[in-house]
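Accompanying notes for the structure given below.
The values are calculated or read from the model by the stated rules, or taken from the named source; none is laboratory data. Small disclaimer: the values here were computed from a predicted structure and weren't measured. Counting neighbours? That spans all protein chains shown, and the Cβs are built from the backbone with ideal geometry, glycine included. When the accessible area is computed, the model is the full protein with side chains, heavy atoms only, and any ligands, DNA or RNA have been set aside. Shrake-Rupley method; radii C 1.70, N 1.55, O 1.52, S 1.80 Å.
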Amino acid sequence: METLPGFLLPKINTMNTLTISNLNLTYKNGFQAIKNISLEIGNGMFGLLGPNGAGKSSLMKTIVGLQKPGSGSIILNGTDVSKDPDYIKQNLGFLPQDFGVYPKVSAYDLLQHIAILKGIKDNSGRKNQILNLLEKVNLSDFKNKEVHTFSGGMRQRFGVAQALLGNPGIIIVDEPTAGLDPEERNRFNSLLNDISKEVIVILSTHLVEDVRNLCSEMAIMNQGKLLRKGNPNGLIAELENKIWSKPIDKNDLEQYRSSYQIISQQLIERELYITTFSEEKPKDFSPVNPLLEHVYFHTLTQIH
Ligand SMILES: Nc1ncnc2c1ncn2[C@@H]1O[C@H](COP(=O)(O)OP(=O)(O)OP(=O)(O)O)[C@@H](O)[C@H]1O
Ligand SMILES: [Mg+2]
């Protein structure tokens, strides 16, 4: 068989794998924020859901090496990140929940500074990479503007550009669309979606709908524990014919709570609806098509 010359071969996307095993993290004050978490994540978008204080940021900061786990391991593409911090620095991008203070320097100069910190030494390669990234996140026209003058959406897109410096195999973004208007949120989400074709993108968010629309795999955590993981559609399908709803008088809420496993209550056109999980149809309730939101609330209200 004839072999094709290298330049004619189709570009093969690199597969990346992140394997987290039995990870535990206890803060100096004795609080255990991560409890024995194990996860395997490949290319594509992975959504991490959980209420405030669940441990999402703690997990992300541990993966990127900002804090050391008490026990367990994090392996990226076969490399144990605790044993090779330089590998993480070069192969992992992070957009933290709180970026801190934005310096009074231009977008271009700040990317240049971060690129040097990441060890990107080649001058002309670095320049090209920065210009390409600014283009990718739609900030080329603002490259000479100081980052502290950017709007929230522009800051987050800048944050993605800095995370992508050095061409990492994985980027981790912690609640990146909090505070963005709907248009910027859509723009940001489609940017992440593009990126996730070639790298692992781990996204933490409170927006269940975004995980449903963007992520091929997801996990729900609470109180430091990983409660559920899987494919959003698969998790929704598990609740088929098990979610029921009913409008009630708000004075009867406590009574319903004592008799049913109520997973959520919601005002719809000023009427209070309760939603319950049950294998059998409860009397006077109507069936509801399950949503990822039901998966989320059902998981959180189960006893773990
Ligand atoms: N440096 C720290 N020292 C002690 N406890 C901490 C520290 N950082 C976080 N915690 C605690 O760990 C728990 C998890 O916090 P974390 O910030 O990881 O939650 P989160 O899921 O990211 O929440 P949010 O959705 O509000 O961002 C919380 O109870 C928090 O108070
Ligand atoms: Mg957080």
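Measure out, as a whole number of angstrom, how far apart the alpha-carbon centroids of segment 48-70 and segment 100-161 sit.
Cα centroid to Cα centroid, the span is 26 Å.
Compute the distance from the alpha-carbon center of segment 211-255 to that of segment 185-210, in whole Å.
20 Å
With a ≥ b ≥ c the root eigenvalues of the C-alpha gyration tensor of segment 242-301, is it rounded (a/c under 1.5), prolate (a/b larger than b/c) or oblate?
Values: a/c = 1.42, a/b = 1.27, b/c = 1.12.
It is rounded, given that a/c, with a ≥ b ≥ c, falls under 1.5.
Which lysines does Lys104 reach when only Cα atoms under 28 Å apart count, and residues fewer than 8 places away in its own chain are ignored?
Lys61, Lys89, Lys118, Lys121, Lys127, Lys136, Lys143, Lys145
Could you compute Rg(Cα) / (2.2 N^0.38 Å) for the chain, with N its residue count?
Numbers: Rg = 22.3 Å, N = 304, 2.2 N^0.38 = 19.3 Å.
With N residues counted in the chain, Rg over 2.2 N^0.38 Å equals 1.15.
Lys and Arg at +1, Asp and Glu at -1: add these up for the other residues within a Cβ distance under 14 Å of Asp86 and post the number.
On the way: positive: Lys83, Lys89, Lys118, Lys121; negative: Asp80, Asp84.
Here the count lands on +2.
Looking at the P(r) of segment 10-104, how many percent of alpha-carbon pairs lie beyond 20 Å? If you can, show how the numbers build up before the last one.
Numbers: 1869 of 4465 pairs.
For segment 10-104, the share of Cα pairs beyond 20 Å comes to 42 percent.
Name the trypsin sites (Lys or Arg not before Pro) in segment 84-175 that are in a loop by DSSP and that have at most 11 other C-beta atoms within 10 Å, would you? Kindly include the intermediate steps, with their values, before the conclusion.
Working: sites: Lys89, Lys104, Lys118, Lys121, Arg126, Lys127, Lys136, Lys143, Lys145, Arg155, Arg157; in loops: Lys104, Lys118, Lys121, Lys143, Lys145.
Sites meeting the loop and neighbour criteria: Lys104, Lys121.
According to the square roots a ≥ b ≥ c of the eigenvalues of the Cα gyration tensor, what is the shape class of segment 172-274, taking rounded for a/c under 1.5, prolate for a/b larger than b/c otherwise, and oblate for the remainder? The partial results should precede the final answer.
Values: a/c = 2.50, a/b = 1.82, b/c = 1.37.
Here segment 172-274 falls in the prolate category.
If the only charges are +1 at each Lys and Arg Cβ and -1 at each Asp and Glu Cβ, what is the size of the charge dipole of segment 27-88 around the Cα centre, to the nearest 20 debye? Write down the numbers at each step before the final one.
Numbers: 6 positive and 4 negative charges, 66 e Å.
For this selection, approximately 320 debye.
On a 0 to 90 degree scale, rounded to 10, what angle separates helix 182-195 from the longest Cα axis of the chain?
60 degrees
Counting only protein heavy atoms, what percent of the accessible surface of the chain is carbon or sulfur at a 1.4 Å probe? All intermediate terms of the calculation are to be shown ahead of the outcome.
Working: 8030 of 16480 Å².
Here it works out to 49 percent.
Keeping all protein chains in place, calculate the accessible area per residue for the chain (probe 1.4 angstrom), answer in Å². Intermediate values should be presented prior to the final figure.
On the way: 16480 Å² over 304 residues.
Result: 54 Å² per residue.
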